[in-house]
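Step one of this worksheet: look at the structure below.
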Amino acid sequence: ELTDQHSLLWRNSMKILEAVGVAKGEVTNEHPKDPGREPFPSTWNLAEMKRIERRVGMRRVVFPQCLWGQTSRKDTCFSGTVRNLEAFDLYGGGRCFHQSHELLYGLDEEGKFKTRKAQTYPPELCERLARCFVESWKEGGGNPTWEDLKNFYLEAWLPYFGKPSRLKVDSEGAWLAE
């Protein structure tokens, strides 16, 4: 049941990613690097992911998070449309030159999985990703036209969410469909 729920959430998030990308918005997706062998599954191998990447014009970059402040290696893949995404892979080929990394397997002294330390992006990685978006926006990326927005509504919103009876804005400025 949990796997089914995760699969549904992933599929729906990919619909949103595709819709934003088709409307010429800037997008990124993150998932651990594809291990490239059975029995380890990866969303990067799914036909749906590859189709979305082609349609939206996304590029992939694989890099170890240790280059951006993580204490362990944690190989990661970003796919996206933002400028300078390739800057995450400082040395090319997903390499790092650290002599050692913190080993995150097993349980800590409190009985919690050590991998919890790597579940949050390090601040340096977050800052670099934010810079990718800002650089894109400064260069004119992610600025859809009215025609793009109309197509987004017709192709992406209506088929999945239907026609809202009315829209309103909440106290924080988010649009809500009623």
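The values are calculated or read from the model by the stated rules, or taken from the named source; none is laboratory data. The structure displayed is predicted, hence computed values, not measured ones. Here the Cβ is made from the backbone with ideal geometry for all residues, glycine too, and neighbour counts use every protein chain on show. What goes into the accessible areas is simple: the full protein's heavy atoms, side chains included, and nothing from ligands, DNA or RNA. Shrake-Rupley method; radii C 1.70, N 1.55, O 1.52, S 1.80 Å.
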Length-normalised contact order of segment 62-118, Cα under 8 Å, at least 6 apart, in percent, tallies to 34
Segment 1-35 and segment 112-140 have their Cα centres apart by a whole-number Å value of 17
Among trypsin sites (Lys or Arg not before Pro) in segment 4-52, those in a DSSP loop whose Cβ has at most 10 other Cβ atoms within 10 Å are Arg37
The summed charge of the Leu103 Cβ neighbourhood (under 13 Å; Lys/Arg +1, Asp/Glu -1) stands at +2
Measuring from the longest principal axis of the C-alpha atoms of the chain, the long axis of helix 47-56 (C-alpha) lies at a number of degrees, nearest 10, equal to 60
In whole Hz, the Karplus estimates of ³J(HN,Hα) for segment 137-143 (6.51, -1.76, 1.60; θ = phi - 60°; x where Gly or Pro) are 5, 4, 8, x, x, x, 10
Residue by residue through segment 88-101, the couplings from Karplus 6.51 cos²θ - 1.76 cosθ + 1.60 with θ = phi - 60°, in Hz, x for Gly and Pro, are 5, 8, 4, 10, x, x, x, 8, 9, 10, 6, 6, 7, 9
Applying the gyration tensor rule to the Cα atoms of segment 3-119 (axes a ≥ b ≥ c; rounded if a/c under 1.5, else prolate if a/b exceeds b/c, else oblate), the class is oblate
Under a Gaussian network model of the chain whose springs join Cα atoms within less than 10 Å, the largest fluctuation of Gly80, Gly93, Gly57 belongs to Gly93
Residues whose modelled amide H sits under 5 Å from the amide H of Thr76, counting only those 5 or more places away in sequence or on another chain, are Lys33, Phe63, Gln65
Here the FRET efficiency for Gln5 versus Val134, based on Cβ atoms and R0 = 30 Å and rounded to 0.05, is 0.30
On the accessible surface of the chain, probed at 1.4 Å with all protein chains in place, carbon and sulfur together account for a percent value of 56
Connecting every pair of Cα atoms under 10 Å apart in the chain and solving the GNM, the largest mean-square fluctuation among Ser72, Ser100, Ser42 falls on Ser100
If one builds a Gaussian network model of the chain from Cα atoms under 10 Å apart, the most fluctuating residue listed among Pro41, Pro122, Pro32 is Pro41
The farthest towards the positive end of the charge dipole of the chain, of the residues Cys77, Gly93, Phe40, given +1 on Cβ of Lys and Arg and -1 on Cβ of Asp and Glu, is Gly93
Rh (Kirkwood, all Cα-Cα pairs) for segment 1-68, Å, reads 13.4
Computed over the chain, protein heavy atoms only, probe 1.4 angstrom, the accessible area per residue in square angstrom equals 68
Counting sequence-distant residues (5 or more places) and residues on other chains, those with an amide H built under 5 Å from that of Gly142 are Glu26
Karplus ³J(HN,Hα) for segment 59-70 (6.51 cos²θ - 1.76 cosθ + 1.60, θ = phi - 60°; Hz, whole; x = Gly/Pro) runs 10, 9, 9, 10, 7, x, 5, 4, 5, 10, x, 6
